[in-house]
Amino acid sequence: DGGITQSPKYLFRKEGQNVTLSCEQNLNHDAMYWYRQDPGQGLRLIYYSQIVNDFQKGDIAEGYSVSREKKESFPLTVTSAQKNPTAFYLCASTDIQRSNQPQHFGDGTRLSIL
Amino acid sequence: QQPVQSPQAVILREGEDAVINCSSSKALYSVHWYRQKHGEAPVFLMILLKGGEQKGHEKISASFNEKKQQSSLYLTASQLSYSGTYFCGTEKIHNTDKLIFGTGTRLQVFP
């Protein structure tokens, strides 16, 4: 079954620590996205990538970093510079080879501060 | 630039209808609708393109009014399974592949 796998489901971060959230897709999609969702809020774009080895900042990139070394994988690192990292993080992908395609989402990672 | 959704919350009895609106101050190319259950991934419902087409899928349909830059999602004869938060995602330019999401409308359906 094709889809997007995010891991872990829950993650705890200590002060001053960097943590990495995993996102893997087997849909053969070129574009991948990371969103942050706070309680009662919409989805805000952190980073996105449309091709391997290239990515762009979204609206709230400060304190985050990404890499795109493989088409299937788009890990997100929450650095110690992100002072308020507690949120629900969603990864998505879409097929940009065809027009007007939906975004497919993973099940999310819930990050909390210890 | 974030689209505005209204209402913020809706409470329904099973079988009742609801309309959720998504408005933008900027010209739009497309509007995507998603439903998210608490703690889960958003699930795609439908895409509306510039041109004012209406789409439907069982008892959920949507329209796009290009003049008003507004999309409306219609839920007819609601079922318990319709409960969740509905988000619109808007795309201003064709093929940017980047969506800006509204803050969501929380819908609760009771028996």
Please give, to one decimal in nm, the separation of the simple spin-label points placed at residue B:40 and residue A:12, each 7 Å out from Cα toward the Cβ. 2.8 nm
How do A:54, B:97, A:107 stack up against each other in accessible area, from largest to smallest, with a 1.4 angstrom probe? A:107, A:54, B:97
Isolated Cys residues of the protein assembly as shown, judged by Cβ distance under 4.7 Å to other cysteines: none
To the nearest 10 square angstrom, what accessible area does residue A:10 show with a 1.4 Å probe? 140 Å²
Projecting each Cα onto the charge dipole of the protein assembly as shown (Lys/Arg +1, Asp/Glu -1 at the beta carbon, about the Cα centre), which of A:85, A:66, A:2 comes out farthest on the positive side? A:85
Compare A:58, A:40, A:16 in a GNM of chain A, Cα atoms joined below 10 Å, and give the one with the largest fluctuation. A:40
Using the Karplus curve 6.51 cos²θ - 1.76 cosθ + 1.60 with θ = phi - 60°, what ³J(HN,Hα) values do you get for each residue of segment A:29-36, in whole Hz, with x for Gly and Pro? 7, 6, 9, 9, 9, 10, 10, 10
Lysine pair count for segment B:22-111 [Cα-Cα under 17 Å; pairs on different chains or 8 or more apart]: 11
Translational diffusion coefficient, Stokes-Einstein: compute it for chain A using the Kirkwood radius over C-alpha pairs as Rh, at 37 °C and 0.692 mPa s, and state it as an integer in µm² s⁻¹. 233 µm²/s
Per residue of B:40-51, other chain Cβ atoms within 10 Å number on average 4
If you take the Cα Rg of segment A:24-64 and divide it by 2.2 N^0.38 Å, with N the number of residues, what do you get? 1.28
Compactness of the protein assembly as shown as Cα Rg over 2.2 N^0.38 Å, two decimals: 1.02
The Cα extents of chain B along the principal axes, largest first and rounded to whole Å, are 41, 27, 20
Can you give the mean number of other chain Cβ atoms that lie within 10 Å of the Cβ atoms in peptide A:105-112? 2
What is the spin-label model distance, in nm, from residue B:19 to residue A:110 if the labels are put 7 Å beyond Cα along the C-beta direction? 3.6 nm
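The values are calculated or read from the model by the stated rules, or taken from the named source; none is laboratory data. Fair warning: this is a prediction, and the values are worked out from it, not measured in the lab. Cβ: placed from backbone, ideal geometry, glycine included. Neighbour counts: every protein chain shown. Ligands, DNA and RNA are excluded from the accessible area calculation, which covers all protein heavy atoms including side chains. Shrake-Rupley method; radii C 1.70, N 1.55, O 1.52, S 1.80 Å.
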